[in-house]
Amino acid sequence: MDILEIETKETMPREEAAARLRAFADTLARNNDLEFERGGMQIKVHVPDEVHLKVELELETDERELEIELTW
């Protein structure tokens, strides 16, 4: 059972999506913690030195999906 789940879906230009991914990656590389803010609530999550990375690509007739998942 999830204690907390934060999910955001937005439509944006490809370049902006890439910039957000770069910012996320830079934060992950420099810090042991990630911070999320939603609805005035700030959540800090500790990330260990080693994580599991899963990259999944789904190709359907009318839709494509790239999923990047980190777990620890």
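The values are calculated or read from the model by the stated rules, or taken from the named source; none is laboratory data. These figures come from a predicted structure and were not determined experimentally. All Cβ positions, glycine included, derive from the backbone under ideal geometry; neighbour counts span all protein chains shown. The accessibility values were calculated without ligands, DNA or RNA, using every heavy atom of the protein model including side chains. Shrake-Rupley method; radii C 1.70, N 1.55, O 1.52, S 1.80 Å.
Scanning the range 1-23 for residues that are under 20 Å from Leu70 (Cβ atoms), modelled with pLDDT of 90 or more and open to solvent by less than 70 Å² (accessible area, probe 1.4 Å) yields Ala17, Ala18, Ala19, Ala23.
Screening the chain for strands (runs of 3 or more DSSP E) wholly inside it with 2 or more residues that are touching a Lys or Arg at 6+ places or on another chain (Cβ under 6 Å) returns the ranges 33-38. Every residue in the range 34-72 that is in contact with a helix residue (DSSP H, G or I) (Cβ under 9 Å, 6 or more places away or on another chain) and more than 25 Å from Arg14 (Cβ to Cβ), please. Residues satisfying the conditions are Glu35, Val47, Val51. Are any residues in the range 44-59 farther than 16 Å from Trp72 by Cα and either at pLDDT below 90 or open to solvent by 100 Å² or more (accessible area, probe 1.4 Å) (or both), and if so, which ones? Result: Leu57, Leu59. When you check Glu69 against the structure, is it at pLDDT 95 or above and surrounded by 10 or more Cβ atoms within 10 Å (Cβ to Cβ), yes or no? Yes, satisfied. Looking only at residues of the range 24-40 that are free of Cβ contacts under 8 Å to residues at least 12 places away in the same chain and either in contact with a Ser or Thr (Cβ under 9 Å, 6 or more places away or on another chain) or open to solvent by 100 Å² or more (accessible area, probe 1.4 Å) (or both), we find that the one that is farthest from Ile3 (Cα to Cα) is Arg30.
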